[in-house]
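Novice: Structure in structure tokens, see below.
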Amino acid sequence: MEKLLLLLRTWKLPVSMLMGVLLYYLLKALLPSGGGAEAMFYYSVSHLLQPSLIFVMLLLSFLRVDVRDLKPHRWHIILLTVQASLFVLSSVVALLLPPSSPGWKLMAEGAMLCFVCPTATASAVIVQKLGGSVSGDVTYIVLCNMMVSLLAPAFLTLVEPHAGLGFMTEFFMIMGKVFPLLLFPLLVSFVIRHYAPRLRERLLSVPDLAFYLWLVALALAITVTVRTIVESDIALTLLLGLAVVSALCCVSQFAIGRSVGSRWKQPTKPLEEIAPGRKSPDDYIAAAERSAVTAGQAMGQKNTVFAIWMGLVFLNPVTSVVGGFYSIWHNVINSWQLYRKGKSAPK
């Protein structure tokens with residue numbers, strides 16, 4: 001029994017992903033396909049459970065960092081420029097491809113979604129576990145969502161024009177999707193920090209609360225991902241092509257983020273200069289690796305639910321499966337990073 005518990009603790013992410021897969025097939029067996037109960041479950045997950053979990057996780061991240069620490073560093077600007085450039089480049093490729101190559105255009109649109117998709121709000125949870133800078137990651141989350149809101153509508157309307165969906169319409173749709181989940185936790189954290197400090201201490205005193213909430217959110221996200229992929233009416237060759245595109249985009253963005261972060265380090269105080277109440281000796285790592293971890297997660301870990309939504313609403317709906325595949329790849333990378341971190345930790 002002890003060995004089983006140790007195995008579960010070591011492989012939390014893969015276990016959570018497996019539970020998400022099993023949940024899809026369990027629901028498939030228990031609920032009538034296409035019935036009201038199935039639709040109600042997935043509606044509740046996407047509109048209630050996932051937003052609520054994201055809200056709490058982001059709230060805990062805001063409570064953990066001082067607002068004064070949320071300031072841009074050089075690597076933020078460089079990564080935003082790289083991410084925007086990759087999105088524009090893939091958009092131009094999608095525009096230039098002839099109508100006689102629909103498959104290639106769909107894969108280019110899939111790359112567009114992978115590059116323009118904002119950083120996952122849950123990335124701060126993994127950054128903290130890996131010893132990175134939570135404030136640096138949260139800063140990038142805010143900046144990246146602002147960039148996406150401004151840049152995405154300009155190119156999505158060109159690549160896949162939709163009647164009644166001009167730049168301003170798409171702009172406000174995207175703003176309405178991303179900003180409530182950023183602003184509300186920030187406002188609530190400000191109120192708690194200044195008017196309920198004891199509540200803040202109690203919330204932050206629960207070990208790994210945000211991480212375990214994220215494991216629940218991950219299982220639900222994988223359930224939705226499996227449903228998106230399994231129930232998509234797409235040719236196998238195109239499905240494999242989109243899977244490869246999402247994998248290449250995922251690996252390249254993690255690699256670019258780590259490279260930029262290690263090259264342009266975010267200033268980090270030595271451990272002995274940090275206030276005693278804010279020390280985490282077991283998680284503290286050197287400045288270069290700390291920046292590499294933070295920038296890698298900021299660039300590589302994506303809000304894949306948002307990518308699926310953008311694909312369904314603004315591009316060819318087929319491209320939405322890219323978000324599902326990306327969810328698998330970035331969580332495989334997260335699992336490997338946490339495993340490596342656990343192996344290197346002192347016993």
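Novice: Once amide H atoms are built 1.01 Å from N in the peptide plane, which residues 5 or more positions from K302, or in another chain, come under 5 Å H to H?
Specialist: When sequence neighbours closer than 5 places are left aside, the close amide H contacts are A120.
Novice: From the cross-link list K129/K343; K28/K302; K129/K341; K12/K343, which pairs have alpha carbons spaced over 20 Å apart?
Specialist: Working: K129/K343 13 Å; K28/K302 27 Å; K129/K341 9 Å; K12/K343 14 Å.
Pairs exceeding 20 Å: K28/K302.
Novice: Another one. Please list 3J(HN,Hα) in residue order for the stretch 176-188, calculated via the Karplus relation 6.51 cos²θ - 1.76 cosθ + 1.60 where θ = phi - 60°; whole Hz, with x for glycine and proline.
Specialist: x, 7, 9, 6, x, 6, 9, 6, 4, x, 5, 5, 5
Novice: Ordered by residue, what ³J(HN,Hα) values in Hz, to whole numbers, does the stretch 42-58 give under the Karplus form 6.51 cos²θ - 1.76 cosθ + 1.60, where θ = phi - 60° and Gly and Pro are x?
Specialist: Here the 3J(HN,Hα) series is 5, 5, 5, 5, 6, 9, 10, 5, 4, x, 5, 5, 4, 4, 5, 5, 5 Hz.
Novice: Amide H to amide H, which residues 5 or more places from S133 or on other chains are under 5 Å from it, using H placed in the peptide plane?
Specialist: Close amide H contacts, sequence-distant or interchain: T294.
Novice: Tell me, what ³J(HN,Hα) does each residue in the stretch 305-317 have, in order and in whole Hz, if you take phi through Karplus 6.51 cos²θ - 1.76 cosθ + 1.60 with θ = phi - 60° and put x for Gly and Pro?
Specialist: Along the stretch 305-317, the couplings run 4, 5, 5, 4, 4, 5, x, 5, 8, 10, 10, 5, x Hz.
Novice: Ok, one more. For the stretch 105-161, what is the per residue volume of the convex hull drawn over the alpha-carbon atoms, in cubic angstrom? The partial results should precede the final answer.
Specialist: Details: hull volume 4.3 nm³, N = 57.
Normalising the Cα hull of the stretch 105-161 by residue number yields 76 Å³.
Novice: Read through the labelled values (1) 1.04; (2) 1.00; (3) 0.96 and report the label of the one computed as Rg/Rh (Cα atoms, Kirkwood Rh) from the structure.
Specialist: (3)
Novice: Please work out how much length the chain gains when fully extended from D66 to A39, using 0.36 nm per residue of separation minus the C-alpha to C-alpha distance, in nm with one decimal. Let's see the in-between values first.
Specialist: Numbers: separation 27, 0.36 × 27 = 9.72 nm, distance 4.08 nm.
My answer for the length gained is 5.6 nm.
Novice: Around Q266, which amide H atoms from residues at least 5 apart in sequence, or from another chain, sit under 5 Å from its own amide H, with H modelled in the peptide plane?
Specialist: S291
Novice: Stretch V216-F167 to full length: gain in nm at 0.36 nm per residue minus the Cα-Cα span? Write out the running numbers ahead of the final one.
Specialist: Working: separation 49, 0.36 × 49 = 17.64 nm, distance 3.56 nm.
Full-extension gain reported as 14.1 nm.
Novice: For all pairs of alpha-carbon atoms in the stretch 173-262, what percent lies in each bin of width 5 Å, listed from the first bin to the last filled one?
Specialist: Over the stretch 173-262, the share of Cα pairs per 5 Å bin runs 3, 9, 9, 12, 16, 19, 14, 9, 5, 3, 1, 0 percent.
Novice: How large, in percent, is the carbon and sulfur part of the accessible surface of the stretch 99-247 at a probe radius of 1.4 Å? Before the final figure, lay out the partial values.
Specialist: On the way: 4720 of 6590 Å².
In the stretch 99-247, the share of accessible area belonging to carbon and sulfur is 72 percent.
Novice: Right, next: Over the stretch 46-173, what portion of Cα pair distances is larger than 19 Å, expressed as a whole percent?
Specialist: Details: 4735 of 8128 pairs.
Result: 58 percent of Cα pairs exceed 19 Å.
The values are calculated or read from the model by the stated rules, or taken from the named source; none is laboratory data. Only a predicted model underlies this, so the values are computations on that prediction, with no experimental measurement involved. Surface accessibility is based on the protein's heavy atoms, side chains included, excluding ligands, DNA and RNA. Shrake-Rupley method; radii C 1.70, N 1.55, O 1.52, S 1.80 Å.
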